[in-house]
1. For the chain, what is the relative contact order in percent, using Cα pairs closer than 8 Å and at least 6 residues apart in sequence?
2. Stick to Cα atoms and the Kirkwood definition of Rh, then tell me Rg/Rh for the chain.
3. In square nanometres, what is one fourth of the surface area of the convex hull spanned by the alpha carbons of the stretch 353-397?
4. Counting only residues 5 or more places away or on other chains, whose amide H sits under 5 Å from the amide H of LEU45 once H atoms are built in the peptide plane?
5. Report the relative contact order of the stretch 127-361, percent, no decimals, based on alpha-carbon pairs under 8 angstrom and at least 6 residues apart.
6. Treating the stretch 308-457 as a set of equal point scatterers at the Cα positions, no solvent, please give the Debye-formula log₁₀ I(q)/I(0) at q = 0.10, 0.13, 0.20 Å⁻¹.
7. Once you have the Cα-Cα distance between GLU387 and ASP227, take 0.36 nm times their residue separation minus that, and quote the gain in nm to one decimal.
8. Convert 20 °C to kelvin, take the viscosity as 1.002 mPa s, use the Kirkwood radius over C-alpha pairs of the stretch 127-252 as Rh, and evaluate the Stokes-Einstein diffusion coefficient in µm²/s, rounded to a whole number.
Amino acid sequence: MVQSESVRVRGHKLAQLLGTWSAGQRPSSGALHSALRQLILDGRLAPGTRLPAEREFADVLGASRTLVASALESLREDGFVASRRGAGSWVTLPEGRSAAATGGWFPPEDGETINFAQAIPGPVPELTNAVDAARARFAEQATGHGYQLHGLPALRERIAERFTRRGLPTGEQQILITNGAQHAFALALRLLVSPGERVLVEHPTYPNALEAIRAVHATPLPVPMADGGWDPELVEATLSQGSPRMAYLVPDFQNPTGALMSGPVRGRIAAALRRTRTTAVVDETLVDIDLSSDGVPPPMAGFAENQVITVGSASKSFWGGLRLGWIRAPEEFVQRLVHGRAAVDLGSPVFEQLVLSEILDGADSLLRSRRAELVERRDGLVAAVREMCPQWKFRVPDGGLSLWCDLGRPVGSRLAVAAEQHGVRLAPGARFAARGALERYARLPYTLPVERLRAAVSKLALAWEAVHDTGVVDPWQEPVT
Ligand SMILES: Cc1ncc(COP(=O)(O)O)c(C=O)c1O
């Protein structure tokens, strides 16, 4: 970990994160060591974070400086903290654990193993009708050379209208059609971020976004998610102290936590983006998967029009196989993207774009059915986990496609290994971490039919028992009792 990448956590913030770290007992260096280690393993203190000076730390905790020094010394021995004279101390991860196995991970379907590793719904039933309708219109489009770097005008218009209906006036010239949201993010990164620069990410975050950041030789700068959402103070501090070139945010049913950013927090983070002149890519891939009747707050771009590049996708709303997404940005930026795009690809397939514009014509009723089905599946999964794995804790999300489960112990990766042996492919929390950690979590998607979800959870319950029974102790993890 290069210490200069880091952000300093203030003493009062750290004390707040530590909460009742001594659990009502006499404060001891052992208790402080365990509490800090837990914060790091949970990803709530991201690797690279600079710790307060010992004296400040001791003052805010009301503990002696010797106690703090001794706790930090033990953390250094375990590989959770590094220090350099004159530069202070910062959070690290023990060797071998800092490169989380993330991204690019689409294991083959083998028919027997239940795929719980991906949160991807199947196609909407109306897809076939849309294909037929597109075929009928195809002849009128199949003229000329067929290369349209911006995308099909009719589709761009429909996407622009959807933004306008959500309260964000948008012209067709502000829309670029891409081959999915991941492609859109990669195009934006390519244009804006240079090797060695930093990209602020939520922690946990979408693993393939981390892959895309690394692919341009940039460094993810993680900001831990607080319980149930964003801590605007931490985001502001990271923006101003970490000087990221870009921020990648998923405010609408964040993957994997399912959290929804409130209007006021959007406003506050947007103000910080403006203040620090940071461009944010706001990924709205899951915005349609709103499972409450409350609606979502206005789009982030409405709070910082020149600072936000919005990325959207047809994958979760309609079907991933369409491989279509879009970018909404100021017109001048769209033009720059179109020029940059020519080095990578020369536009999206015309036929699929026609299919998507047909789908968008009837999107409202179609999304109603999709949401109703996902509510049933979410509730089915919630009931199954409460019944068969009652120790696991989670917040029932108002949208998105998964439960972010707190297993109560840092055994996510071990559970995933045991689950595979029981016929379930599981995404452990570490897959969503920028640099390891988040071992206490696992993501459980509710995109399969309820019967299949129940079968998966019953296998996970067996895997959970096996994790308890093995007694195998990874020196990095706490023993499981
Ligand atoms: C937050 C987020 N962004 C992007 C993607 C990828 O979307 P697409 O299929 O449009 O490339 C996903 C898919 O899981 C996602 O969850």
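Each reported figure results from applying straightforward, stated rules to the coordinates on display, with no laboratory input. Remember, predicted model here, so these are calculated numbers, not experimental data. All Cβ positions, glycine included, derive from the backbone under ideal geometry; neighbour counts span all protein chains shown.
1. Details: 915 pairs, mean separation 93.0, N = 481.
Across the chain, relative contact order equals 19 percent.
2. Values: Rg = 23.2 Å, Rh = 23.6 Å.
Reported Rg/Rh, Kirkwood definition of Rh: 0.99.
3. The Cα convex hull of the stretch 353-397, projected and averaged over all directions, gives 4.2 nm².
4. Long-range HN contacts for LEU45: ILE40.
5. It rounds to 29 percent for the stretch 127-361.
6. With one equal scatterer per Cα and no solvent, log10 I(q)/I(0) is -0.52, -0.81, -1.18.
7. 55.3 nm
8. D, rounded to a whole number, is 123 µm²/s.
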